[in-house]
Amino acid sequence: MFELLQDGKIEELYKYAVIGAAIRVFFWLLFAFTIRRTLKLVKKENQCILPNQVWFVAVPLFNIFWNFEIAKRLSDSLNNEFYDRKVEVEDNPTRKWGLLYAWTFLLSNIPFPVTILVSLGLLNLIYFGTYWIKIYQHQSLLKLHIDHYGENYIGDED
């Protein structure tokens, strides 16, 4: 296969691969920053993951596993916080989209035929964007509640 590529084309291909990988890691870091900011709004006793542990989503290969952990632990943390604050949100907020993203990310790292990988890659991109938006929406809801009621608010007892 490499015989078909001209001498200068291989170096150019490597250059584009490195640029693509750098862009991907940059977006993972921005994603981790969003998750970290969300977790910093959650009281320590409600956190199921420490805010600084989210940076592992930007570590290639390890993030295949860590995406599942983030989906579960972030959802549990938000669930605990919203329950304490007596804010009605869906059960296990962000978990569905997080798991969809994690599964498509896992599957897109398995050497399937190109057509399947392209389909999985597109699905992964859609789920990644949707998951990121859902996290940001819950972060905004939490910020509004904290701004209105204060950081140490506990919902009224019935």
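Please treat every number below as a calculation from the coordinates, not as lab data. What you are looking at is a predicted structure, and each value in this text was computed from that prediction instead of being measured. All Cβ positions, glycine included, derive from the backbone under ideal geometry; neighbour counts span all protein chains shown.
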(request) Output the peptides 31-38, 66-73 sorted from most to least packed, where packing is the average of other Cβ atoms within 10 Å over each peptide's residues. (result) 66-73, 31-38
(request) Return a single number: how many Lys pairs in the chain, at a sequence separation of 8 or more or on separate chains, have alpha-carbon atoms below 18 angstrom apart. (result) 14
(request) List the residues whose amide H sits under 5 Å from the amide H of Cys48, counting only those 5 or more places along or on another chain, with H placed 1.01 Å from N in the peptide plane. (result) Ser77
(message) If you average the alpha carbon positions of the stretch 131-148 and of the stretch 40-99, how far apart do those two centres end up, in angstrom?
(response) 13
(message) 7 Å from Cα along Cα→Cβ at both Phe112 and Lys143: what's the point-to-point distance in nm?
(response) 3.6
(message) On a full-extension model of 0.36 nm per residue, what is the gain between Thr34 and Asn52, subtracting their alpha-carbon distance, rounded to one decimal in nm?
(response) 5.3 nm
(request) Would you work out which of Val59, Tyr14, Ile70 lies farthest towards the positive end of the dipole of the chain, given +1 charges on the beta-carbon of Lys and Arg and -1 on that of Asp and Glu, about the Cα centre? (result) Tyr14
(request) Find how much the distance from Ile64 to Glu151 grows on full extension, using 0.36 nm per residue of separation minus their present alpha carbon separation; answer in nm with one decimal. (result) 27.9 nm
(request) Please work out how much length the chain gains when fully extended from Ile10 to Phe26, using 0.36 nm per residue of separation minus the C-alpha to C-alpha distance, in nm with one decimal. (result) 3.3 nm
(request) Output the DSSP H helices from the chain with an along-axis C-alpha extent of no less than 18 Å and a mean Kyte-Doolittle hydropathy no less than 0.0. (result) 7-41, 95-108, 114-149
